[in-house]
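Read the structure below first, then the notes.
The values are calculated or read from the model by the stated rules, or taken from the named source; none is laboratory data. Bear in mind the structure is a predicted one, so any value in this text is a computation, not a measurement. Neighbour counts are summed over all protein chains in view; Cβ atoms, including those assigned to glycine, are modelled from backbone coordinates with ideal geometry.
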Amino acid sequence: MARYTDASCKLCRREAQKLFLKGDRCYSAKCALERRAFPPGQHGQGRQRKTSDYGLQLREKQKAKRFYGMLEKQFRNTFDKAAKKKGITGDNLLVALETRLDNVVFRMGFASSRKEARQLVNHGHFTVNGRKVDIPSSEIVPGSVVAVRQRSQKSPKFEEIKEMQISAPAWISVDAAKLTGTVLSLPRREEIDTPIAEHLIVELYSK
């Protein structure tokens with residue numbers, strides 16, 4: 001399966017915004033955006049041109065893909081499914097992105113970034129309703145219980161989480177001591193804090 005393998009910090013610099021792809025590093029002085037707040041490449045420090053409407057829409061789509069760690073084909077398929085559902089397409093898109101298993105693991109505080117959450121899921125550290133699931137894009141529906149597998153709970157990574165105070169969004173309930181979390185409901189738009197102007201993505205794909 002295709003995946004992005006270049007430096008994650010380049011993505012933040014290209015979007016001129018922290019995408020929090022490196023966990024704790026993003027909050028420290030080592031953050032690449034703090035040290036080099038300009039786009040990557042030999043022309044990154046050149047004169048910035050005015051961005052067209054299409055350019056704004058494209059950048060917003062690219063930013064959303066990078067926030068959630070998706071490539072174009074997968075992101076477009078997610079959009080197409082959201083467009084077929086009842087309701088506002090932009091809201092449906094964000095809900096679909098938020099209820100991916102890797103994002104749910106991140107929101108539950110079991111990983112410091114979505115990138116780490118995706119890796120942990122790929123390595124088979126989680127169960128959904130008692131069954132092992134190792135597909136990061138799996139859709140998690142309300143009522144689902146996501147838990148760290150019994151054999152994984154003794155690792156230093158998860159032992160540390162047991163002692164943490166986790167602040168999860170309102171649509172998720174987390175029991176850090178038991179390393180489990182429950183999706184209580186689908187998130188409402190106001191409960192999604194990812195800084196994305198989804199209407200620009202809808203405009204782009206609707207052309």
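Values computed for the structure shown
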| item | result |
| --- | --- |
| Meets criteria (more than 20 Å from the chain's Cα centre (by Cα), free of Cβ contacts under 8 Å to residues at least 12 places away in the same chain and within 28 Å of GLN74 (Cβ to Cβ)) for SER152 | no |
| When residues of the range 43-65 are limited to those that are modelled with pLDDT under 90 and of a type in the set (Lys, Arg), the one farthest from the chain's Cα centre (by Cα) | ARG47 |
| Number of positions in the range 118-177 that are hydroxyl-bearing (Ser, Thr, Tyr) and outside any loop (DSSP other than H, G, I, E, B) | 3 |
| Counted residues, the range 84-117 - those being within 11 Å of TYR68 (Cα to Cα), surrounded by 21 or more Cβ atoms within 10 Å (Cβ to Cβ) and in contact with a Leu (Cβ under 9 Å, 6 or more places away or on another chain) | 5 |
| Inter-residue pairs, beta-carbon under 8 Å, first within 17 Å of GLU191 (Cα to Cα) and in the range 157-179, second modelled with pLDDT of 90 or more and part of a helix (DSSP H, G or I), 6+ apart | ILE166/ALA176; ALA168/ARG107; PRO169/ARG107; PRO169/GLU191; ALA170/GLU191; TRP171/GLU191; ILE172/VAL104; ILE172/ARG107 |
| Long-range neighbours under 7 Å by Cβ, at least six apart or interchain, first residue closer than 19 Å to PHE106 by Cα and among the acidic types (Asp, Glu) within the range 66-85, second at pLDDT below 95 and outside any helix (DSSP H, G or I) | none |
| Test result for LYS22, closer than 25 Å to ALA170 by Cβ, buried (at least 18 other Cβ atoms within 10 Å of the Cβ) and modelled with pLDDT under 95 | no |
| Conditions (1) surrounded by 12 or more Cβ atoms within 10 Å (Cβ to Cβ); (2) modelled with pLDDT of 95 or more; number of the one not met by GLY143 | (1) |
| Test: residue in the range 95-108 that is within 20 Å of the chain's Cα centre (by Cα), touching a residue at least 40 places away in the same chain (Cβ under 8 Å) and more than 27 Å from LEU200 (Cβ to Cβ) | yes |
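Yes/no per residue for (1) modelled with pLDDT under 95; (2) of a type in the set (Gly, Ala, Ser); (3) in contact with a Lys or Arg (Cβ under 6 Å, 6 or more places away or on another chain):
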site	(1), (2), (3)
GLU139	no, no, no
ALA147	no, yes, no
GLU160	yes, no, no
ILE172	no, no, yes
LEU186	no, no, no
